[in-house]
Amino acid sequence: MTVFGGGVPHGVQATAWQAALDTFDRFDRADRLLFSVPMWNGGIPYVLKQFVDVISQPGAVFAVDPDTGYTPLLSGRGKKAVVVYTSAVWGPQLGPEFGRDFQSTYFTDWLHWTGIDDVAEIRFHPTLTGDSATIRAQAHADSRELGKRF
Ligand SMILES: Cc1cc2nc3c(=O)[nH]c(=O)nc-3n(C[C@H](O)[C@H](O)[C@H](O)COP(=O)(O)O)c2cc1C
């Protein structure tokens, strides 16, 4: 928030800030991104959320203006992402008694927010009663098809 507020980090803050920028740079060097994202308690695993929080920095992933809002800084760079969304209980065909999807709604929105618009999904949601083998085979087939495009 020091940088967000227009300041310059010093000392341990500067070290932490550089570590965040280095992590962003590693992410930014990839033009093809593959994420494997299991649903954890309706959302995404905390390690992935921490990654989002570390790299989503002003001047790196976004710019922000008090009047016009956010500008994504990764757009127009030809970046493509594939996200494998999985869950064990929840499924898109089920009601809220099996949970709600704050996993793909959050993470796909974050990718678009960064400016990565070319986002494809592979889904594996066998649920507690589905035919896991058939649904897995479909996910594998979907992956192979996507692989041709990416
Ligand atoms: C901490 C934790 C929380 C989970 N929460 C959910 C959940 O809310 N809904 C669900 O359908 N599955 C949930 N699962 C199941 C995982 O989504 C499932 O195991 C994963 O998608 C499959 O990946 P895996 O083979 O690596 O476990 C959870 C699993 C763990 C470990």
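The values are calculated or read from the model by the stated rules, or taken from the named source; none is laboratory data. The shown structure was predicted, so the numbers you read here are calculated from the model rather than taken from an experiment. Cβ coordinates were reconstructed from backbone atoms using ideal geometry, including for glycine residues, and neighbour counts include every protein chain displayed. Ligands, DNA and RNA are excluded from the accessible area calculation, which covers all protein heavy atoms including side chains. Shrake-Rupley method; radii C 1.70, N 1.55, O 1.52, S 1.80 Å.
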TODO: Could you look through the stretch 98-114, keep only residues that are closer than 22 Å to Phe27 by Cβ and either open to solvent by less than 40 Å² (accessible area, probe 1.4 Å) or of a type in the set (A, V, I, L, M) (or both), and pick out the one that is farthest from the ligand (Cβ to nearest atom)?
DONE: Thr114
- [ ] Please enumerate the residues belonging to the stretch 18-39 that are of a type in the set (Lys, Arg) and outside any strand (DSSP E or B).
- [x] Arg26, Arg29
Task: Check on Ser143, more than 30 Å from Gly6 (Cβ to Cβ), open to solvent by less than 80 Å² (accessible area, probe 1.4 Å) and within 13 Å of the ligand (Cβ to nearest atom) - done: no
Open item on the list: Looking only at the stretch 1-35, how many residues end up being out of contact with any Phe, Trp or Tyr (no Cβ under 9 Å at 6 or more places or on another chain) and of a type in the set (Ser, Thr, Tyr)?
Closed with: 1
Open item on the list: Six or more apart or on different chains, Cβ atoms under 6 Å: show the pairs whose first residue is in the stretch 16-35 and closer than 13 Å to Val54 by Cβ and whose second is open to solvent by 40 Å² or more (accessible area, probe 1.4 Å) and assigned to a helix (DSSP H, G or I).
Closed with: Ala20/Val54; Thr23/Val54
Open item on the list: Being in contact (Cβ under 8 Å) with a residue 12 or more places away in the chain, surrounded by fewer than 14 Cβ atoms within 10 Å (Cβ to Cβ) and assigned to a loop (DSSP other than H, G, I, E, B): is that true of Pro126 here?
Closed with: no
TODO: Mind listing whichever residues of the stretch 87-97 are surrounded by fewer than 17 Cβ atoms within 10 Å (Cβ to Cβ) and near the ligand (Cβ under 7 Å from one of its atoms)?
DONE: Ala88, Val89
Open item on the list: Out of Asp117, Asp67, I need the residue that is open to solvent by 50 Å² or more (accessible area, probe 1.4 Å), modelled with pLDDT under 95 and more than 18 Å from Leu21 (Cα to Cα). Which one?
Closed with: Asp117
- [ ] List every residue pair whose Cβ atoms lie under 9 Å apart, where the two residues are 6 or more positions apart in sequence or sit on different chains, the first residue falls within the stretch 43-69 and is hydroxyl-bearing (Ser, Thr, Tyr), and the second residue, located anywhere, is open to solvent by less than 30 Å² (accessible area, probe 1.4 Å) and assigned to a strand (DSSP E or B).
- [x] Ser56/Phe62
Task: Subset of the stretch 20-51 [closer than 21 Å to Thr2 by Cα, among the small types (Gly, Ala, Ser) and exposed (fewer than 15 other Cβ atoms within 10 Å of the Cβ)] - done: none
